[in-house]
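Values in this text are rule-based calculations from the coordinates and carry no lab data. What you are looking at is a predicted structure, and each value in this text was computed from that prediction instead of being measured. Glycine gets a Cβ as well: all are built from the backbone with ideal geometry, and neighbour counts include every protein chain shown.
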Amino acid sequence: MDQWVSLITLGVADMDASAAFYEGLGWAQVESPDGVIAFDLIGQTLGLYPRAALADDLGIPVADVGGFSGVIFGHNVPQKEDVAPLLERAKQAGGTVLKPAVDVFWGGHHGFFADPDGHVWEIAHNPFSPLGPKGEFQWNGVK
């Protein structure tokens, strides 16, 4: 298996509300088949799919998901000053800020929000991992 993630699919309770949330972050939908909402990212796609249909496709019961799932999606930004405004944008779009922008012990700066379905996102600036020209991230910086 090659070392990349092509598609991230989030099971969501309300497709329209979830799409509106990500559009509120400034993301644009791309054409996709009925029943799927997709947003192209840099080198991958974020897909939204009804949680119940996703569970049915997997052949498992739908769990009443509550609390932290143990998964966090990270969005890195070029400057420390970019973190707080993105958290505010997520809040205005209908998300919940879980942790405001703060300095981190290792020298970075971050905060967290949850989308309407509780999927957790970290907005972070890592001064040791400069982003590439398109915003692409690599652990020790794009070279």
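Checked against the criterion of being under 15 Å from Ile8 (Cα atoms), over 18 Å from the mean Cα position of the chain (by Cα) and of a type in the set (S, T, N, Q), the candidates Ser32, Ser129 yield just one match: Ser32. What about Val83, is it β-branched (Val, Ile, Thr) and under 17 Å from the mean Cα position of the chain (by Cα)? When the stated conditions are applied, Val83 passes them.
Any residue that is of a type in the set (Asp, Glu), in contact with a Ser or Thr (Cβ under 7 Å, 6 or more places away or on another chain) and under 15 Å from Gly11 (Cβ atoms) - is there at least one of those in the range 57-66? Show your work before the answer.
Looking only at the range 57-66, we keep the residues that are of a type in the set (Asp, Glu), and these are 57, 64.
Within this subset, residues satisfying the condition of being in contact with a Ser or Thr (Cβ under 7 Å, 6 or more places away or on another chain) are none.
No, the range 57-66 contains no residue that is of a type in the set (Asp, Glu), in contact with a Ser or Thr (Cβ under 7 Å, 6 or more places away or on another chain) and under 15 Å from Gly11 (Cβ atoms).
Residue pairs whose Cβ atoms lie under 9 Å apart, sitting 6 or more positions apart in sequence or on different chains, and linking a residue in the range 88-101 that is touching a residue at least 24 places away in the same chain (Cβ under 8 Å) to a partner that is assigned to a strand (DSSP E or B) and of a type outside the set (Ser, Thr, Tyr), are Ala90/Val97; Ala90/Phe113; Ala90/Ala114; Ala90/Trp121; Ala90/Ile123; Gly95/Phe113; Gly95/Ala114; Gly95/Trp121.
Every residue, every condition in (1) hydrophobic (A, V, I, L, M, F, W, C); (2) over 17 Å from the mean Cα position of the chain (by Cα), yes or no:
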{"position": "Leu46", "(1), (2)": "yes, no"}
{"position": "Val62", "(1), (2)": "yes, yes"}
{"position": "Val71", "(1), (2)": "yes, no"}
{"position": "Asn76", "(1), (2)": "no, no"}
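Filtering the range 99-143 to residues that are of a type in the set (Asp, Glu) and part of a strand (DSSP E or B) leaves Asp103, Glu122.
Within the range 109-141, count every residue that is surrounded by 14 or more Cβ atoms within 10 Å (Cβ to Cβ) and touching a Ser or Thr at 6+ places or on another chain (Cβ under 9 Å). Number of matching residues: 9. Anything in the range 99-108 that is touching a Gly at 6+ places or on another chain (Cβ under 8 Å) and surrounded by fewer than 20 Cβ atoms within 10 Å (Cβ to Cβ)? List them, or say none. Lys99, Pro100, Val102 - these are the residues of the range 99-108 that are touching a Gly at 6+ places or on another chain (Cβ under 8 Å) and surrounded by fewer than 20 Cβ atoms within 10 Å (Cβ to Cβ). Anything in the range 7-27 that is over 14 Å from the mean Cα position of the chain (by Cα) and more than 18 Å from Phe113 (Cβ to Cβ)? List them, or say none. If the condition is that a residue be over 14 Å from the mean Cα position of the chain (by Cα) and more than 18 Å from Phe113 (Cβ to Cβ), then Met15, Asp16 are the ones that fit.
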